[in-house]
Amino acid sequence: MLNNHHTLEAGKHFSSDAQVSPDCVTPATKGSGCGWASIERTFKEGEWFLVSDWNKEIVEEFRGNKGIVGGRFEGKPVLLMTTTGAKSGQHRINPAMYLGEGERIMVFATKGGAPTNPDWYHNLVANPLVTVEVGEETFEATAAILAGEERDRVYARQAELYPQFKEYEEKTTRTIPVVELTRQS
């Protein structure tokens, strides 16, 4: 929740301090587990969206380069998901690596191997309708949690392609959720 009140105008950006949830793990707060982070609101297609500073550069680079990003995501498949906050109802934009299998798109709630699931996962469970940006394409999708052998097969394939996913699995005692994003017709 924002702790400062601002007058917002369409098409404008602003930054404000926001309370980060107690289970947060971000570069700015790594080690402490939570704290204060800067949150930016951006106006897009008639609605306000929240973007953390940590994600802001990735989102801007993604949108400015037709879905291609560098840094730690260079050469890796990345998409943007706009979820609806489970408690706040606010829209939140999160970049994520994904696995594409034909028409299927799967994302992984790794949170870098942290003991808890990322907030975006809780948002998808509560509100499974999501906006997905892949490359230059934007579409609406429905999120569904994969289970059992299908979840294990998809996660193993991602870990085979990107070994850090195996490391995430080894760092945590939880089963990392795999979420399929199915395009709405």
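The values are calculated or read from the model by the stated rules, or taken from the named source; none is laboratory data. Just so it is clear, the model here is predicted, and its values are computed rather than measured. Please note: Cβ atoms are built from the backbone with ideal geometry, for glycine as well, and neighbour counts cover all protein chains shown.
Is it fair to say Thr173 is at pLDDT 95 or above, outside any helix (DSSP H, G or I) and over 20 Å from Asn55 (Cβ atoms)?
Details: at pLDDT 95 or above: yes; outside any helix (DSSP H, G or I): yes; over 20 Å from Asn55 (Cβ atoms): yes.
Judged against the criteria, Thr173 is a match.
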Can you work out which of the residues in region 67-87 that are touching a helix residue (DSSP H, G or I) at 6+ places or on another chain (Cβ under 9 Å) and of a type in the set (Ser, Thr, Tyr) is surrounded by the most Cβ atoms within 10 Å (Cβ to Cβ)?
Thr83
Search result, residues across region 77-108 that are over 12 Å from Asn55 (Cβ atoms) and of a type in the set (A, V, I, L, M, F, W, C)
Leu79, Ala86, Met97, Leu99, Ile105, Met106, Val107, Phe108
Please indicate, with yes or no, whether at least one residue in region 41-62 is modelled with pLDDT under 90 and of a type in the set (Gly, Ala, Ser).
yes
Flagged pairs (Cβ under 7 angstrom, 6 or more apart or on separate chains; first in region 118-147, farther than 19 Å from Gly100 by Cα; second assigned to a helix (DSSP H, G or I) and charged (D, E, K, R)) are Pro118/Lys111
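Gly112: part of a helix (DSSP H, G or I) and at pLDDT below 95, yes or no? Working first, answer last.
Working: part of a helix (DSSP H, G or I): yes; at pLDDT below 95: yes.
Considered against the rule, which asks whether it is part of a helix (DSSP H, G or I) and at pLDDT below 95, Gly112 comes out as yes.
Going by the structure shown, is Lys30 farther than 26 Å from Glu167 by Cα, outside any strand (DSSP E or B) and at pLDDT below 85? So that I can check it myself, show each step before the final result.
Values: farther than 26 Å from Glu167 by Cα: no; outside any strand (DSSP E or B): yes; at pLDDT below 85: yes.
Considered against the rule, which asks whether it is farther than 26 Å from Glu167 by Cα, outside any strand (DSSP E or B) and at pLDDT below 85, Lys30 comes out as no.
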Within the set of pairs 6+ apart or on separate chains, which have a first residue in region 68-83 that is more than 15 Å from Gly100 (Cβ to Cβ), a second that is charged (D, E, K, R), and C-beta atoms under 6 Å apart?
Val69/Glu61; Thr83/Arg92
Of all residues in region 115-138, which are among the charged types (D, E, K, R) and part of a helix (DSSP H, G or I)?
Asp119
